[in-house]
Amino acid sequence: MTEATDAPFGGLTLVIDSATEACSVALFDGDRLVAGEFRMLGRGHAEALVPMIAALPDRGRAPRIVAALGPGSFTGVRVGLAAARALALAWGSEIAGYSTLAMVAAIARDQAGNVPVGVAMTGGHGEWFIEGFAGDGNVARPLVSLRPEAAAASAIETVIAGTQAEALVTARGSGTALPVWPDARAFPLLPAAALTSDTRPLYGRAPDARLPGGLPAPGN
């Protein structure tokens, strides 16, 4: 990922994370949490997200907006990014993004003591999104989407975090599972290198829809 400019940031930051079944928003002044909310929605992010932002002080208005890029739910990723881009345009705000798995790893490292963390999150078609992070939070193993048995075989870290952490540790037969969900309120735990000014969605796997001839459909 390309590191976002002007980090660390001393002003107000609105953080939006709706890439998974969880949905969360947070408003920070520097690294101080001003207000935030976390909900386990499953579905309905499009209906819930804007009211959650509007409930923040000054309706969440901030000169910087940061959104989760995925991977996760195709719909959830797009809902969060659409809201971030619309607000950035309306307010003239800077916009940046971060990987959902990087956020999960940051929360897990905070709980486990800055050790290497493998992240296993629910993907599509029965696969899991897998990525490894070093003790400093930087990527140690690249993001891939694998069947559960292959994911368990590839995970080398003792600590595994995410929605499929318990299943992976059970399948592997060893390790510590931290069933962590991404949470916008944990934004200050992210390393600076996790932020990127490239806010294209991070889907983590090839698109399902294809045009005649095998080309990916646009927008997937």
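Quick note: the coordinates plus some simple rules give every number you see, no bench work behind them. As the structure is a prediction and not an experimental result, all values here were calculated from the model. A quick note on method: Cβ atoms are made from the backbone with ideal geometry, for glycine too, and the neighbour counts reach across all protein chains shown.
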With label points set 7 Å from each Cα along the Cα-to-Cβ direction at residue 138 and residue 200, the distance between them in nm comes to 2.4 nm
For the range 101-178, the Debye formula with one identical point scatterer on each Cα and no solvent gives log10 I(q)/I(0) at q = 0.16, 0.23 Å⁻¹ as -0.45, -0.95
Mean Cβ-within-10 Å packing, highest first, puts peptides 148-159, 16-27 in the order 16-27, 148-159
Full extension between residue 150 and residue 86 adds, at 0.36 nm per residue less the Cα distance, a length in nm of 19.1 nm
Net charge near residue 178 (other residues with Cβ under 14 Å of its Cβ; Lys, Arg +1; Asp, Glu -1) is -3
By Cβ neighbour count within 10 Å, fewest first, 37, 47 rank 47, 37
Counting only DSSP beta bridges with both partners in the range 101-178, the antiparallel fraction in percent, to the nearest 5, comes to 65 percent
Taking 0.36 nm per residue of separation between residue 110 and residue 40 and subtracting their Cα-Cα distance, the length gained on full extension comes to 23.1 nm
Counting only DSSP beta bridges with both partners in the range 1-146, the antiparallel fraction in percent, to the nearest 5, comes to 75 percent
Mean 1/r over distinct Cα pairs of the range 68-113, inverted to a Kirkwood Rh in Å, yields 11.8 Å
Taking only the alpha-carbon atoms of the range 160-205, the convex hull volume per residue, in cubic angstrom, is 119 Å³
Net charge (Lys, Arg +1; Asp, Glu -1) of residues whose beta-carbon lies under 11 Å from that of residue 161, residue 161 excluded, is -3
Of the convex hull drawn through the C-alpha atoms of the range 1-103, the volume per residue in Å³ is 92 Å³
